[in-house]
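Enquirer: Got a structure for you, written out below as structure tokens; questions coming shortly.
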Amino acid sequence: MSINIIPTIDLLYAGQVPLIPAYAPAPNGQMSDTRGRLLGDLRISVTDRCNFRCTYCMPKEVFGKGYQYLPQSELLSFDEITRMARLFVAHGVTKIRLTGGEPLLRKNLEVLVKMLAALKTPDDKPLDIALTTNATLLPKKVKALKAAGLNRITVSLDSLDEVTFRAMNDVNFPVADVLKGIDAAHGAGFSAIKINMVVKKGVNDQDVVAMARHFKGSGHIVRFIEFMDVGSSNGWRMKDVISSAEIVRMVNADMPLVQAQSNYSGEVAKRWNYADGSGEIGVISSVTQAFCSTCTRTRLSTDGKLYTCLFAQSGHDLRALMRSGKSDMQITRAIGLIWNQREDRYSQLRTEETTGRKKVEMSYIGG
Ligand code: SAM
Ligand code: SF4
Ligand code: SF4
């Protein structure tokens, strides 16, 4: 169901500060965009910093010593993040993912998790709160995160081969320490941990089968992600992409697979079960098989801008609304207006021209 917003506008500022309609129906958890997609997921980047320099995300040549990260005062505080989350939940968000940058670099993240876990959907259900992390700080933090109410963890790991992984994270971080992070999460009570592997031709495609084999039977789920043209600094080229179809072919040749049903409508990964019943893998085909038609995701950047697509070129400054004293209802209306007007489907429209456009970096917008 879509909500019609009466277009009587209180224009606050020029630029990226969203318009606030004077009248709008109260949010009822059913906010639809121009393509009938309901708002369902909010990804929050809690820091634009990271202790890795993955070559496909924060290459050292761009994110080197002189790189200007956001100063502390620009970051949303935990109170501001929780307030925003509450307003998005009123519009239908049921899943929140904390990401970054490396989210565990944000001090006391478990405090934020606890604040978010106290929120309820309009029909009084708890939220699904997830974290995407490179796992380096999991051994230290995971118990506190679990106790605070974190529901799910995704760990990024691009290779089990020591040389390849150290080269891809580009800070010489060892594989064994990521595996320790995964074990710590498992020990703290997290199951079916998702393991994200970004596959880049000529870099780690030779490690796809070994990754699948390592986690087969463990209860964890490896998800192979096509290398994407996010941001403007990773030197993306179509010829560096290994398609999901090719990945499934590689794994299937070694360990037979059968296609599985999606868990829910709009699930990003296509699921494949091992034919012998020993688990599953997923493939995320943002480049070769776009899934924009069911995309219910929106993103809140580290400094409080709302981006309705991972490949957006600009965002809407919700922090400006908050810090200028706007009420919950005014900000709620702005969020509703933005989602109602959303048309994004970048991956469906991707061309040579669009891949070269200046887009926001993934570490800032949140992966
Ligand atoms: N630092 C955390 C981590 O790596 O898990 C969270 C943020 S990271 C930006 C979130 C996810 O985006 C990771 O799984 C990462 O592999 C993925 N990612 C980053 N750049 C990508 C790219 N160019 N193509 C595909 N996936 C990418
Ligand atoms: Fe950091 Fe994650 Fe980006 Fe790697 S993918 S540089 S760990 S934010
Ligand atoms: Fe969603 Fe944009 Fe990705 Fe399409 S390209 S699936 S609209 S985030």
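Enquirer: Roughly how many nanometres apart are two label points built 7 Å out from the Cα toward the Cβ at ARG166 and ALA253?
Expert: If labels sit at ARG166 and ALA253, their model points lie 2.9 nm apart.
Enquirer: Still on this structure, I have one more. Report the Cα-based extents of the chain along its three principal axes, largest first, to the nearest Å.
Expert: For the chain, the Cα spread along each principal axis is 60, 45, 41 Å.
Enquirer: A 30 angstrom limit on the alpha carbon distance is what I want to check against. Which of LYS60/LYS194; LYS95/LYS305; LYS60/LYS141; LYS95/LYS201; LYS194/LYS239; LYS141/LYS201 exceed it?
Expert: LYS95/LYS201; LYS141/LYS201
Enquirer: Stretch THR288-GLN16 to full length: gain in nm at 0.36 nm per residue minus the Cα-Cα span?
Expert: Stretched fully, the THR288-GLN16 segment lengthens by 94.8 nm.
Enquirer: Further question: Can you pull the three principal axis extents for the Cα set of region 267-323, in Å, largest first?
Expert: 56, 22, 15
Enquirer: Taking each pair of different alpha-carbon atoms in region 145-293 once, compute 1/r for the pair, average those values, and report the inverse of that mean as the Kirkwood hydrodynamic radius in Å to one decimal.
Expert: For region 145-293, inverting the mean 1/r across all distinct Cα pairs yields 16.1 Å.
Enquirer: Would you mind ranking GLU353, GLU102 so that the residue whose beta carbon has the fewest other beta carbons within 10 Å leads the list?
Expert: Ordered from fewest to most neighbouring Cβ atoms within 10 Å, GLU353, GLU102 come out as GLU353, GLU102.
Enquirer: Run the lone-cysteine check on the chain: no other Cys C-beta under 4.7 Å from the residue's C-beta.
Expert: Result for the chain is CYS50, CYS292, CYS295, CYS309, no neighbouring Cys Cβ within the cutoff.
Enquirer: To make sure I understand the rule: partners must be aspartates and glutamates, Cα under 19 Å from the Cα of LYS114, and not fewer than 8 residues away in the same chain. Which ones qualify?
Expert: Of all the aspartates and glutamates, those that pass the test against LYS114 - Cα under 19 Å, at least 8 places apart if same chain - are ASP41, ASP79, GLU80, GLU102, ASP124, ASP128.
Enquirer: Among DSSP bridges having both ends in the chain, what percentage is antiparallel? Round to the nearest 5.
Expert: 35
Enquirer: For region 219-367, place one equal point scatterer on every Cα, skip the solvent, and apply the Debye formula. What is log10 of I(q)/I(0) at q = 0.11, 0.15, 0.20 Å⁻¹?
Expert: One equal scatterer on each Cα of region 219-367 leads to -0.54, -0.88, -1.23.
Enquirer: So what is the 222 nm mean residue ellipticity for the chain from helices alone, if each DSSP H run of at least 4 adds -39500 (n - 2.57) and you divide by all residues, rounding to the nearest 500 deg cm²/dmol?
Expert: Result for the chain: -8000 deg cm²/dmol, rounded to the nearest 500.
Enquirer: Quick one: order THR99, THR154 by neighbouring beta-carbon count within 10 Å, fewest to most.
Expert: Result, fewest neighbours first: THR154, THR99.
Enquirer: Would you order TRP272, TRP339, TRP236 from fewest to most other beta-carbon atoms within 10 Å of each residue's own beta-carbon?
Expert: Result, fewest neighbours first: TRP236, TRP272, TRP339.
Enquirer: Greater than 32 Å separation of Cα atoms is the criterion. Which listed pairs, LYS143/LYS270; LYS216/LYS359; LYS146/LYS270, meet it?
Expert: Beyond 32 Å: LYS216/LYS359.
Enquirer: When only C-alpha pairs under 8 Å and at least 6 residues apart count, what is the relative contact order of the chain, in percent?
Expert: 23
Enquirer: If you don't mind, another one. Treating the Cα atoms of region 41-146 as identical point scatterers in vacuum, please give the log10 of the normalised Debye intensity I(q)/I(0) at q = 0.10, 0.17, 0.23 Å⁻¹, two decimals.
Expert: Here log10 of I(q) over I(0) equals -0.31, -0.83, -1.27.
Enquirer: Among rounded, prolate and oblate, which fits region 238-293 when a ≥ b ≥ c are the square roots of the eigenvalues of its C-alpha gyration tensor, a/c under 1.5 means rounded, and a/b larger than b/c means prolate?
Expert: Verdict is oblate for region 238-293.
Enquirer: Let me ask something additional. Quick one: Kirkwood hydrodynamic radius for region 68-214, alpha-carbon pairs, angstrom, one decimal?
Expert: Roughly 16.6 Å, rounded to one decimal.
Enquirer: In addition: Given axes a ≥ b ≥ c from the Cα gyration tensor, I'd like to know whether region 131-228 is rounded (a/c under 1.5), prolate (a/b larger than b/c) or oblate.
Expert: Cα axes put region 131-228 in the prolate bin.
No lab work stands behind these numbers, since they all come straight from the coordinates. Quick caveat: nothing in here was measured; it's all calculated off a predicted structure. Note: ideal-geometry Cβ built from the backbone for every residue, glycine included; neighbour counts use all protein chains shown.
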